[in-house]
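Below you'll find the structure, written out as C-alpha cells, and then a few comments.
The values are calculated or read from the model by the stated rules, or taken from the named source; none is laboratory data. For clarity, every value in this text was computed on a predicted model and none was experimentally measured. Heads up, the Cβs are rebuilt from the backbone with ideal geometry, glycines too, and the neighbour counts pull from every protein chain shown. To get the accessible areas, we keep the full protein, side chains included, count just its heavy atoms, and leave off ligands, DNA and RNA. Shrake-Rupley method; radii C 1.70, N 1.55, O 1.52, S 1.80 Å.
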Amino acid sequence: MTSIIEVNKLKKSFGDLEVLTNVSFTVHPGEVVAVIGPSGSGKSTMLRSLVHLEEVTGGSIHIQSEALVEDGKYSSGAKIKSITSRMGMVFQHFNLFPHLNVQDNLELAPKFVKKESSGELRRRSTELLAKVGLEDKAKVYPAKLSGGQKQRVAIARALMMNPDILLFDEPTSALDPELTGEVLRVIKQLAEEHMTMIIVTHEMNFARDVADRVIFMDKGEIAEEGTPEQIFGNPQLTRTKSFLNKVESN
Ligand code: ADP
Ligand code: MG
C-alpha cells in the first residue's frame, strides 16, 4: 500500500534545544493515527512541521509521494504551498476570526485560494455546517458560541478546503469536559468516512476507540507505536506504561 504521509528521520531544534530527534513514521490513506505522549515531547512540533508551520532542521517529509522537505532541504515555495494546501489543521484554541460570523469564517480562505463562485461557497458552507450540527449558527459570531461549537466550526472550516488529510492538535483540551463529546463525535464520523487523520490527543478512550494506530512520543522521538490494543493493552516499554498509568489515574 502506498503511503499518503511519509516522515523520515525528522529533526527539529529550537536553538540548542533538540525537540525532534529522529522521527519516522508513515500514514496510509484513510488511516487514523492517534499521537499521545507527555507535554513537551514534541507532538505539536511534529504536527506543525507537516504543514510547514515549523521548518525542520533535518530529515524528509513526503505527502502523496511529493517532497515537502528532503534531507533537510525544502522544495520551492510554490510546491510547498501546493502540498500543504492538501492538509487541514484544527488547533486546540480554534483560531476563529472574531469579527466574522460563522459562515464567513468558513468561506474566507477558499474565497481567496480557490476559484469558486460565491453561490458554490455558500452551498458548501451550509452543507458543512449541517454536517457538524450547526446549521442554525451560520450568522452567529464566534463569541456567542460554546467552546464545543467553536471547535466544530473550526473543523467545518478546515473541511471547506477539501483536504486529503486532517491534523488535529489536542482538539478537546481547551473544552469543558461536558463539551468534548460533541467534538469527538464529529471526528469519529470523519474517521468512519475514511478521512486520513493524525490526532494528537489526551483522550485515551477516544484514541482507543477511533485510531487504527497509536504513536507514543517521548522526549522528541517515537518511543513505541502499534494498534490501540497493543499500546493500551500490552505496552512494551516502561515509559509507555508509566505515561499511561499517569493519564489514567487523572
Ligand atoms: P508537545 O506538543 O508534545 O507538548 P511541543 O512540540 O509543543 O510538545 O514542544 C516540544 C518542545 O519544544 C518543548 O520543550 C517546547 O518548550 C519546545 N518549543 C516548542 N516551540 C518552541 C519555540 N517556538 N521556541 C522554542 N522552543 C519551543
Ligand atoms: Mg502540544
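Can you name every residue in the range 214-236 that is open to solvent by less than 60 Å² (accessible area, probe 1.4 Å), in contact with a Phe, Trp or Tyr (Cβ under 9 Å, 6 or more places away or on another chain) and not β-branched (Val, Ile, Thr)?
PHE216, ASP218, ALA223, GLU224, GLY226, PRO235
Taking the range 184-203 as the region of interest, how many residues are touching a Leu at 6+ places or on another chain (Cβ under 7 Å) and open to solvent by 20 Å² or more (accessible area, probe 1.4 Å)?
2
Within the bounds of the range 31-44, is there any residue that is in contact with a Ser or Thr (Cβ under 9 Å, 6 or more places away or on another chain) and surrounded by fewer than 17 Cβ atoms within 10 Å (Cβ to Cβ)?
No, because not a single residue in the range 31-44 is in contact with a Ser or Thr (Cβ under 9 Å, 6 or more places away or on another chain) and surrounded by fewer than 17 Cβ atoms within 10 Å (Cβ to Cβ).
If I filter the range 76-93 down to residues being over 19 Å from PRO163 (Cβ atoms) and free of Cβ contacts under 8 Å to residues at least 40 places away in the same chain, which single residue comes out as farthest from ligand 2 (Cβ to nearest atom)? Show your work before the answer.
Going residue by residue through the range 76-93, those that are over 19 Å from PRO163 (Cβ atoms) are 76-77, 93.
Now restrict to residues that are free of Cβ contacts under 8 Å to residues at least 40 places away in the same chain: 76-77.
Details: SER76: 29, GLY77: 27 Å.
The extreme case among them is SER76.
Restricting attention to the range 155-173, which residues are outside any loop (DSSP other than H, G, I, E, B), within 16 Å of ligand 2 (Cβ to nearest atom) and either open to solvent by 10 Å² or more (accessible area, probe 1.4 Å) or among the aliphatic types (A, V, I, L, M) (or both)?
LEU167, ASP169
With the range 20-85 as the region, which strands (runs of 3 or more DSSP E) entirely inside it contain at least 1 residues that are more than 25 Å from PRO171 (Cα to Cα), of a type in the set (Val, Ile, Thr) and more than 16 Å from ligand 1 (Cβ to nearest atom)?
66-70
Does VAL56 meet the test of being closer than 27 Å to LEU237 by Cβ, more than 13 Å from ligand 2 (Cβ to nearest atom), touching a residue at least 12 places away in the same chain (Cβ under 8 Å) and surrounded by 17 or more Cβ atoms within 10 Å (Cβ to Cβ)?
Here the answer is yes, as VAL56 does meet what is asked.
When the range 165-198 is examined, which residues are found to be more than 12 Å from the chain's Cα centre (by Cα), away from ligand 1 (no atom under 16 Å from the Cβ), more than 22 Å from LYS137 (Cα to Cα) and in contact (Cβ under 8 Å) with a residue 40 or more places away in the chain?
Matches in the range 165-198: ALA191, HIS194.
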